[in-house]
Amino acid sequence: MVDLSTNYLGIELRNPLVASASPLTQKAETAQQLVKAGVSAIVMPSLFEEQILRESLKLDQDLTRGTEQFAEALTYFPEVGQYSIGPDTYLQNLSKIKKSVSVPVIGSLNGYTDGGWVEYAQKIQAAGADALELNLYYLATDPELTANELEDKYLQLVRNIRNKVQIPLAVKLSPFFTSLPNFSKHLAECGVNGIVLFNRFYQPDFDLEELEVVPHLILSNSNEVRLPLRWIALLYGKIPVDFALTSGVHTAEDMLKALMAGAKIAMITSAFLQEGSEFATMLLEDLQKWMEEHEYTSVKQMIGSMSQKAVADPAEFERANYMKVLASY
Amino acid sequence: MSKTVITIDGNEATAYVAYRLSEVIAIYPITPSSTMGEFADEWATLKKPNIWGTVPSVTEMQSEGGAAGAVHGAIQAGALTTTFTASQGLLLMIPNMFKIAGELSPTVFHVSARTVAAHALSIFGDQSDVMACRSTGFALLASNSVQEAHDLAAIAHASTLRARVPFLHFFDGFRTSSEVNKIEQLSEEDLRSLIDDSLIQAHRSRALSPDHPFIRGTAQNPDTFFQERETVNPFYNVCPEIVAEVMEKFAQISGRTYHLFDYVGDPEAERVIVMMGSGSETAGETARYLLEAGQKVGVLKVHLYRPFSVLHFLEALPPTVKSIAVLDRTKEPGAAGEPLYQDVVTAINEGLAEGSVPYTQFANRPYPRVIGGRYGLSSKEFTPAMVKAVFDELQKADPKNHFTVGIEDDVTKTSLDFDPTFDIEDPQTVRCVFWGLGSDGTVGANKNSIKIIGEETDNCAQGYFVYDSKKSGGVTISHLRFGPKPIRAPYQISQANFVACHQFSFLERFDITKMAIPGAVFLLNSIYGVDEVWDHLPKETQKDIVEKKLKFYIIDAYEVAKKTDMGTRINTIMQTCFFAISGVLPKEEAIQQIKKAIQKTYGKRGEAVVKKNFAAVDQALENLYEIKVPDKITSQFTRRPSVPEEAPEFVRNVLGKMIALEGDSIPVSAFPVDGTYPSGTTQWEKRNIALEIPVWEPSLCIQCGKCAIVCPHAVIREKVYDPSYLKNAPEGWVSLDAKFKELPGMKFTIAVAPEDCTGCSICVEACPAKDKTQVGRKAINMAPQPPIRESERVKWDYFLSIPEVDRTAISTRTVKNSQLLQPLFEFSGACAGCGETPYLKLLTQLFGDRLMVANATGCSSIYGGNLPTTPWAVNKEGRGPSWSNSLFEDNAEFGLGFRLSLDKQNEYARELLPKFAGILGENLVDAILNADQSTESGIRQQRERVAQLKQTLEKENTLEAKQLLSIADSLVQKSVWIVGGDGWAYDIGYGGLDHVLASGRNVNLIVLDTEVYSNTGGQASKSTPLAAVAKFAAAGKGLPKKDLGMIAMAYGYVYIARIAMGASDQQTQTALLEADAYPGPSLVIAYSHCIAHGYDLKYGLEQQKLAVASGVWPLYRYNPLLAEEGKNPLILDSKDPSIPIEQFAYNETRYKMLVQTDEQRAEMLIKLAQQDANRRWELYQQMAAMTYSNPNAGNSNPGD
């Protein structure tokens, strides 16, 4: 019997399969199904501060429009109780999920303002999250904003939160850093416990008939696993944090690769959305089977086993890798 | 125990009591009582219990008649029952009121008394509705103030249980129902101790029950009805005494004393005014003032008007009285006098002249002289000056009887003169007036201010708010009073210590500083800075500031709002300035209280809203400046006239004054005697309310007409014209070669009416033509209005001078072509981006010169018929839509009446016509009788024939010739359209609508379906869709929308179309043309996006598309003529649902807010909505796929 357990952010997990943020991890009912199918932890969808602000302002605008100006219709909507605007619903869901599942629940936060980040992080902690994942992403559109300024801002935000929350902290990054290792090093210095690679974003698309920009969501595929795979392999052992691989994990093989690169866990979203939560059971069976067939005894044994530090030719992960690919054509 | 003091309006004060003392509440919205029902519904949704610990059952009915029926039934079944209504609504309850009273059933109807429509509808307050109920047998109990509305509501509920006589508790609509005042609140214990529970048991024991059966409500014959009708007398005889006793008990509980008649003034008064309602507060205060000046005057305030107790009345009247003026807030044309006057005369006669009651105090005194007068109809101001005029009149040897006060009646000379400068207000009372734009939040902030002052300081406080009758860009005027003494001044402020103008542009339209007293503060929201503002003030304003030595402050509130993400909401900014300048509270405390109010008002909408308001408060004072006022007037310009000089005389002298808010000064002689007004007057009211207006970009234009067809205010027009008109075109005029196959060699221009546009930008959203190098730029784009106002105005004027297209030269079947036709519905007062008006405008383009419109009361009757100016217009030939509004409930029947009359006249004309064959010639007679009027040219030819006929008949002198001449126009086809909203069609008017459809007559009904009662503020109708939130459906509507089209289809001979212009403008136009052409009844149900849906209406068309794509609004046409050809009459014009309902619904607050308040229920309801939409679509598909046999084909029985 192989030992599938792993330890992520200092938390013992029964296996390395974690459900990352998706509609399935938003509610207790679907989270329970995932846990029943075998996932070892739940990462809730991000609490988007910007979205909260926008929703709040929009609701106010929509409830106010046209009011108090015409004698017969001073308002257009009934006065109802409290609106679930703000983090309350999110926090309630978090508490509910925490109560209804036996595995750790990781809260997730996408902040917008310095004050908002810290405040919401504390609320997530208070609601019972076992750990917190910070979704660090700011779309730099101002040509005057330098990379250094932006990175400093990120690090300050992380420091502020680290100072205010006690639960383990992970940071989820996009791949768009000029020097990811350097930035990761600074993150580690800030006291983060883990780094999650990589965030995927909804990229806008064009509707050519209407000549409009439209939001477009494409679920990941296995090919995408290679980008985080390389970076985790490069960073493993150099940056003293736990790594989690997300983006493109669709098979047990993808999971195995993630672990061997150095990730403590592999996170899955798209596959669950496509195949349903039961898919977790199959993945874990496949994982176990492969390990048995290849005579691995534990997951811990294979973590980092194919990282840059561990492979025979570390240059494979660097420029040579690129050259080799081109040469294959 | 200390009393709880609250600052609320009369409706809330009343509803608070009624709700707590009831088990069943049946409601229906009507202004100004709607909010009482809304409060009840909200409290029930929030599970607030009544004083017995159970949550009252609140049910919305289909009409007030329905509400009264439900009330009647609930009483009969033993529940403590109440309802709220006003005006026409109360009139609809009258039949049930007779029954309820006849059966001695305890109940209370709370009525915010409102004008009953006569020559015109009015939403405002008088007592004509209550007076129409005098004979029902209900007790009529009047409250004169907000506190009284609260207190007497409780007294009414307690009294009805004892007396078994049902009560109508009333107070003046708007003046009391909407006035915010500081009152002492009755606790639940107070209410508990006022009600005798044994009376409730007694009421229940009289209820219908199969457990102890009896029957009630028999039919009777001449032998017994009369006697039995007299059995109730003892109950009415003791009722006044019961009310008096309840009032006494109430005084013990609350410390506030009331009597059936309350007297104020000199105990030895010689002149007394008798009246009831809010005006009696004004009269009472004026009497006190005059008393201090040594005048022997007094006011007798009537509380219990029915049953009228002569005994109590005479006891309350000072025996010294020599003359009495009875003031009625109603008019009974043709009566010997108004109702209260007649009662007083009767009481004096019975009590004194006949001596039927031993009133010893009147012994040996001459009988007082009694005169009657009318005041305050439709919320006409009733001021101390008018009260004084009445007292002065009573002093005359031969006072005027049946007088009026408050108007100038220069026709029948009924009016009393008064001195408008007469002022009795306590100088310690601070009086503040705020001029705001509807959308800037001024009223909301002032409501908060008055609550702060009322509840956080020792001051007494009063707020009253005056609104515009236009639904977009309207002016609001807030009147706030506060001071150390109770404020009994139910009239608007005319002399203010503080005047605030929240919109700079108002200075050029209105006399804002007129009401500022010398030394008052004038606060102006100015886009101009400290050094430049003075030069931008009109002469009149400068003069007032200089001569009255006003303290002048400015703030650029829009700049502060912009910096703090407040958009155009400058409310909290101006509010902060008001508190800072007025000094009603120390600055720090004021800011703290404003923030507390912000938290309370906006807190539930999320922290971001609170934060931005806080930021606005914090930044306001930094931008507030006092202006050093120059000592002379330097301005080079004056206020602009309200209408242009070239406007017709009636528009200048009457409508123009109304526009300038000087309507009160117009004398009786200036008005039409029967409510008839000229058409097309909105063209003269240039409101300039748009910050941005559309500008045409010809290089991108494809001449499709989509921008024009969707424009709710008809400010975008298209013309095709001869190139010769380019010669004299003004500078900047642009044109294209016209691309219309019927009109070769012509030019094409789109023009925009810059001063009439509301800036909704729906046209830009509709425009399909995008710049290939910059897709954000279209063939029509928004641009700031002020810099281009003048140049665009010149172009617009020139555009109007170019002849309209020849209607017979083009086919009107396409949208592209129809938009060349002149709209005869323009510049209405509808909301910016309104979803209803484009349909009406299209009707006028297609059929306007032969259109008769019967309009149900509602949004469309308000933006279509509310003075000062109205949008239904006239073409150059003098033809245009003829429009009228009867009521809410009877509109289908009203429109059918048009048809009956037209058909009868047509029939009679056709009967007469052959008799004139000799002088007309057989050919002309034959041509007229057999004319094909199915096309524009056919109609034109018929008009020419009829003109020829009339010309000939004018020379004839026979009776028959004159008869035919007077009805000859009926020989030209007319298009009768019955217009209304879903409240009318689905609910209150449904019975009539059904009957009219069943009649088979050639009428067209169009339902402007907003799926909610829009005009009264968003109450649910039977059209409200499943899962949507509305007032009276605060938890989201749990049942599907009524399928009106499907119900009508059951007739088989009704043309039906379901349309949505945003989804398919061509289908819309085709449906309207087919409906008009169909020779029987037609029903068109038009999806109308609405401000009550809760989103920016510029996206209205997109939402219509999504509604159709989601399946909640399938498009179809059902044409019975097809069935006659053996074809399936049902044509589905939309495709299979292709998106989930959420994708449509959650862009709108009406759906989304349920997700934000009860996510679980929202999920459940939206799922049901999807199932319902799918099921209905399947049903339509099956119906549309059915095979029909040709009824005219030979016998196809396969057995033969």
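The values are calculated or read from the model by the stated rules, or taken from the named source; none is laboratory data. Values in this document were obtained by computation on a predicted structure and should not be read as measured data. Counting neighbours? That spans all protein chains shown, and the Cβs are built from the backbone with ideal geometry, glycine included.
Residue B:77 falls short on exactly one of the conditions (1) within 14 Å of another protein chain (Cβ to nearest Cβ); (2) farther than 29 Å from residue B:128 by Cα, and that condition is (1).
Please verify whether residue B:74 is crowded, with 24+ Cβ neighbours inside 10 Å, outside any loop (DSSP other than H, G, I, E, B) and out of contact with any strand residue (DSSP E or B) (no Cβ under 7 Å at 6 or more places or on another chain), treating the condition exactly as stated.
On the way: crowded, with 24+ Cβ neighbours inside 10 Å: yes; outside any loop (DSSP other than H, G, I, E, B): yes; out of contact with any strand residue (DSSP E or B) (no Cβ under 7 Å at 6 or more places or on another chain): no.
So residue B:74 does not fit the description; no.
Scoring residue A:92 on the criteria (1) more than 18 Å from residue B:569 (Cβ to Cβ); (2) within 7 Å of another protein chain (Cβ to nearest Cβ) leaves a single failure, condition (2). Considering the stretch B:3-48, and only residues there that are of a type in the set (Lys, Arg) and away from chain A (no Cβ under 11 Å), the residue that is surrounded by the most Cβ atoms within 10 Å (Cβ to Cβ) turns out to be B:20. Considering only residues in the stretch B:863-910 that are buried (at least 24 other Cβ atoms within 10 Å of the Cβ) and within 14 Å of chain A (Cβ to nearest Cβ), the one that is farthest from residue B:985 (Cα to Cα) turns out to be B:863.
Of all the residues in the stretch A:115-134, those that are surrounded by 20 or more Cβ atoms within 10 Å (Cβ to Cβ) and not in a helix (DSSP H, G or I) number 6. Note on the stretch A:213-329: enclosed helices (runs of 4 or more DSSP H) holding 1 or more residues that are surrounded by 14 or more Cβ atoms within 10 Å (Cβ to Cβ), among the hydrophobic types (A, V, I, L, M, F, W, C) and at pLDDT 95 or above are A:226-235, A:252-261, A:279-293, A:299-302. The one condition from (1) exposed (fewer than 14 other Cβ atoms within 10 Å of the Cβ); (2) farther than 27 Å from residue B:468 by Cα that residue B:424 does not meet is (1). Quick check on the stretch B:47-58. Is at least one of its residues over 23 Å from residue B:183 (Cβ atoms), assigned to a helix (DSSP H, G or I) and in the same structural domain as residue B:203 (by TED's automatic domain parsing)? So far as the stretch B:47-58 goes, no, none of its residues is over 23 Å from residue B:183 (Cβ atoms), assigned to a helix (DSSP H, G or I) and in the same structural domain as residue B:203 (by TED's automatic domain parsing).
Which one of B:1042, B:1031, B:974, B:1022 is of a type in the set (D, E, K, R), within 26 Å of residue B:1060 (Cα to Cα) and within 14 Å of chain A (Cβ to nearest Cβ)? Walk me through how you get there before you give the answer.
Numbers: B:1042 fails: within 14 Å of chain A (Cβ to nearest Cβ); B:974 fails: within 14 Å of chain A (Cβ to nearest Cβ); B:1022 fails: within 14 Å of chain A (Cβ to nearest Cβ).
Testing whether each residue is of a type in the set (D, E, K, R), within 26 Å of residue B:1060 (Cα to Cα) and within 14 Å of chain A (Cβ to nearest Cβ) leaves just B:1031.
Can you confirm whether residue A:121 is within 10 Å of chain B (Cβ to nearest Cβ) and either over 30 Å from residue A:7 (Cα atoms) or free of Cβ contacts under 8 Å to residues at least 60 places away in the same chain (or both)? Against the criterion (within 10 Å of chain B (Cβ to nearest Cβ) and either over 30 Å from residue A:7 (Cα atoms) or free of Cβ contacts under 8 Å to residues at least 60 places away in the same chain (or both)), residue A:121 does not qualify.
Can we say residue B:1105 is within 29 Å of the chain's Cα centre (by Cα), surrounded by fewer than 22 Cβ atoms within 10 Å (Cβ to Cβ), within 30 Å of residue B:759 (Cβ to Cβ) and within 14 Å of another protein chain (Cβ to nearest Cβ)?
Values: within 29 Å of the chain's Cα centre (by Cα): no; surrounded by fewer than 22 Cβ atoms within 10 Å (Cβ to Cβ): yes; within 30 Å of residue B:759 (Cβ to Cβ): yes; within 14 Å of another protein chain (Cβ to nearest Cβ): yes.
Criteria not met by residue B:1105.
Between B:1048, B:1071, B:1057, which is modelled with pLDDT of 95 or more, part of a strand (DSSP E or B) and away from every other protein chain (no Cβ under 14 Å)?
Values: B:1048 fails: part of a strand (DSSP E or B); B:1071 fails: part of a strand (DSSP E or B).
Exactly one of B:1048, B:1071, B:1057 is modelled with pLDDT of 95 or more, part of a strand (DSSP E or B) and away from every other protein chain (no Cβ under 14 Å), namely B:1057.
The single condition from (1) within 14 Å of chain A (Cβ to nearest Cβ); (2) more than 32 Å from the chain's Cα centre (by Cα); (3) of a type in the set (D, E, K, R) that residue B:1150 fails is (2).
Of the numbered criteria (1) under 20 Å from residue B:386 (Cβ atoms); (2) in contact (Cβ under 8 Å) with a residue 24 or more places away in the chain, the one residue B:292 fails is (2). Among the conditions (1) free of Cβ contacts under 8 Å to residues at least 60 places away in the same chain; (2) surrounded by fewer than 24 Cβ atoms within 10 Å (Cβ to Cβ); (3) under 33 Å from the mean Cα position of the chain (by Cα), residue B:806 misses just one, which is (3). Taking first residues from the stretch A:45-62 that are more than 8 Å from every other protein chain (Cβ to nearest Cβ) and closer than 15 Å to residue A:123 by Cβ and partners that are among the small types (Gly, Ala, Ser) and not in a helix (DSSP H, G or I), the Cβ contacts under 7 Å between residues at least 6 apart in sequence or on separate chains come to A:46/A:21; A:46/A:108; A:47/A:108; A:49/A:111. Within the set B:629, B:643, B:673, the sole residue that is assigned to a loop (DSSP other than H, G, I, E, B), more than 14 Å from every other protein chain (Cβ to nearest Cβ) and more than 35 Å from the chain's Cα centre (by Cα) turns out to be B:629.
Would you check which residues across the stretch B:611-626 are polar (S, T, N, Q) and more than 33 Å from the chain's Cα centre (by Cα) and list them? Answer for the stretch B:611-626, where residues must be polar (S, T, N, Q) and more than 33 Å from the chain's Cα centre (by Cα): B:619, B:623.
Scoring residue B:933 on the criteria (1) out of contact with any helix residue (DSSP H, G or I) (no Cβ under 8 Å at 6 or more places or on another chain); (2) within 30 Å of residue B:886 (Cβ to Cβ); (3) outside the structural domain of residue B:1046 (by TED's automatic domain parsing) leaves a single failure, condition (1). Taken over the stretch B:561-603, the residue count meeting the criterion of being free of Cβ contacts under 8 Å to residues at least 60 places away in the same chain and in contact with a Lys or Arg (Cβ under 8 Å, 6 or more places away or on another chain) is 5. Criterion first (touching a His at 6+ places or on another chain (Cβ under 9 Å), buried (at least 24 other Cβ atoms within 10 Å of the Cβ), touching a residue at least 60 places away in the same chain (Cβ under 8 Å) and within 14 Å of chain A (Cβ to nearest Cβ)) does residue B:834 satisfy it? The answer is yes for residue B:834.
Give the residues of the stretch A:267-280 that are in contact (Cβ under 8 Å) with a residue 12 or more places away in the chain and either more than 17 Å from the chain's Cα centre (by Cα) or closer than 19 Å to residue A:317 by Cβ (or both), sorted by residue number. Result: A:274, A:277, A:278, A:279, A:280.
Any idea which of B:243, B:302, B:232 is of a type outside the set (S, T, N, Q), modelled with pLDDT of 95 or more and closer than 20 Å to residue B:375 by Cα? Working first, answer last.
Details: B:243 fails: closer than 20 Å to residue B:375 by Cα; B:232 fails: closer than 20 Å to residue B:375 by Cα.
The conditions single out B:302.
Can you go through B:1181, B:1156, B:1143, B:1171 and tell me which one is surrounded by fewer than 18 Cβ atoms within 10 Å (Cβ to Cβ), of a type outside the set (Asp, Glu), without any contact (Cβ under 8 Å) to a residue 60 or more places away in the chain and within 14 Å of another protein chain (Cβ to nearest Cβ)? The conditions single out B:1143.
Which of the residues that make up the stretch B:538-563 are under 34 Å from the mean Cα position of the chain (by Cα) and part of a loop (DSSP other than H, G, I, E, B)? Residues satisfying the conditions are B:538, B:556.
If the condition is being surrounded by 24 or more Cβ atoms within 10 Å (Cβ to Cβ) and not β-branched (Val, Ile, Thr), then the stretch B:852-862 contributes B:854, B:855, B:856, B:858, B:859, B:860, B:861.
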